[in-house]
Amino acid sequence: MSAVTYHDTRTETREDYGREHQARPAPAIQAHPSWREHDHFELWVEWQQRDSAGRWHPHQAVTHRTFRTREDTLLHAERLIGRGDFPMEGGSPAPVTLLRNRRAALLSAFREAEGDGVTLIREVLFPVGEYALSLRVTCERLASPVRATFSSAANPLRSLAGQRVKLTVLIEHPYDVLVRAEGPLDLGERAARVGTEAQTFAPGASVTGVPYRSATVTVPRGLLKKPLLYRYELAAEAAEREGAPSRP
């Protein structure tokens, strides 16, 4: 698809969007039952290494798992500690399997560890030679991923209406970005506008996303062309993800 063709298509969708909104104001958005948020518990395990100033920094991830309950998360962590297998690639001198007494010491430290009790349940940094094992149990309240059509009341894009979002339009490839925009999301029955970027979508267009966080509308372009993706992300979440250091 050429740049000229895409420019013409966008101009037409802006006109369609304006006519639709003049003729029929968008109704108030009500939360759908599938958007209900739940606690998600995560276990993060990684090796860390100390720099010349004595500060610990992430070195290599070991595992990351998500669980439904706090109890399941802690139980899995203790079983992992009991096995004592914490692989590290690259021929590093750090041990892969902890000796029995070191496993017992790590288990005791993990059971005694504390966090803030809200988002950080437990956190322990356990030195092993020149490295250290970092174990964290965190809790985040969020909705589960939802897949729906654009016209459905469950459309996760509806949960972002009125919020400041970041829009990225791309072909199904991480480097084929066509448009970027940011601003409040104005949502109609078949249209969406972010700043000067406006699109109309078929009622049956597929939308996937995590309510209150992000949603992607997929628009097919024929058998031999990859689909267009219209990815909407809550601006605050996108900024935090882009600016924060990578997690284990």
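The values are calculated or read from the model by the stated rules, or taken from the named source; none is laboratory data. Source: prediction; values computed, not measured. We place every Cβ from the backbone using ideal geometry, glycine too, and count neighbours over all the protein chains shown. Side chains included, ligands, DNA and RNA excluded: accessible areas come from the protein's heavy atoms. Shrake-Rupley method; radii C 1.70, N 1.55, O 1.52, S 1.80 Å.
What tally of residues in segment 177-214 results from selecting those that are open to solvent by 10 Å² or more (accessible area, probe 1.4 Å), touching a strand residue (DSSP E or B) at 6+ places or on another chain (Cβ under 6 Å) and among the polar types (S, T, N, Q)?
4
Counting only residues that are over 18 Å from the mean Cα position of the chain (by Cα) and among the hydroxyl-bearing types (Ser, Thr, Tyr), how many does segment 154-176 have?
Qualifying residue count for the region: 1.
Under 9 Å between Cβ atoms, which residue pairs at least 6 apart in sequence (or on different chains) link something in segment 138-151 that is farther than 16 Å from residue 214 by Cα with a partner that is at pLDDT 95 or above and small (Gly, Ala, Ser)?
So the pair list comes out as 151/202; 151/204; 151/205.
Name the single residue that is surrounded by the fewest Cβ atoms within 10 Å (Cβ to Cβ) among those in segment 120-153 being modelled with pLDDT under 95 and under 22 Å from the mean Cα position of the chain (by Cα).
Filtering segment 120-153 for residues that are modelled with pLDDT under 95 and under 22 Å from the mean Cα position of the chain (by Cα), the one surrounded by the fewest Cβ atoms within 10 Å (Cβ to Cβ) comes out as 141.
Within segment 161-176, how many residues turn out to be part of a loop (DSSP other than H, G, I, E, B) and open to solvent by less than 20 Å² (accessible area, probe 1.4 Å)? Spell out the reasoning first.
Step one: filter segment 161-176 for residues part of a loop (DSSP other than H, G, I, E, B), giving 161-163, 172-176.
From what is left, the residues that are open to solvent by less than 20 Å² (accessible area, probe 1.4 Å) are none.
Summing the residues that are part of a loop (DSSP other than H, G, I, E, B) and open to solvent by less than 20 Å² (accessible area, probe 1.4 Å) in segment 161-176 gives 0.
Which residues, counting only those in segment 109-165, are out of contact with any helix residue (DSSP H, G or I) (no Cβ under 9 Å at 6 or more places or on another chain) and aromatic (Phe, Trp, Tyr)?
131
Considering only residues that are open to solvent by 70 Å² or more (accessible area, probe 1.4 Å) and either part of a loop (DSSP other than H, G, I, E, B) or at positive phi (or both), which ones fall in segment 39-61?
Those that are open to solvent by 70 Å² or more (accessible area, probe 1.4 Å) and either part of a loop (DSSP other than H, G, I, E, B) or at positive phi (or both): 52, 55.
Only residues in segment 43-57 that are touching a residue at least 12 places away in the same chain (Cβ under 8 Å) count as the first member; pair them with residues that are open to solvent by less than 60 Å² (accessible area, probe 1.4 Å) and basic (Lys, Arg), Cβ under 6 angstrom, at least 6 apart or cross-chain, and list the lot.
As it stands, the answer is 44/136, since those pairs meet every condition given.
Residue by residue through segment 62-115, note down the ones that are in a helix (DSSP H, G or I), acidic (Asp, Glu) and closer than 16 Å to residue 48 by Cα.
Keep residues of segment 62-115 that are in a helix (DSSP H, G or I), which gives 70-83, 100-112.
Applying the additional criterion that residues be acidic (Asp, Glu) yields 71-72, 78, 112.
None - no residue of segment 62-115 is in a helix (DSSP H, G or I), acidic (Asp, Glu) and closer than 16 Å to residue 48 by Cα, so the list stays empty.
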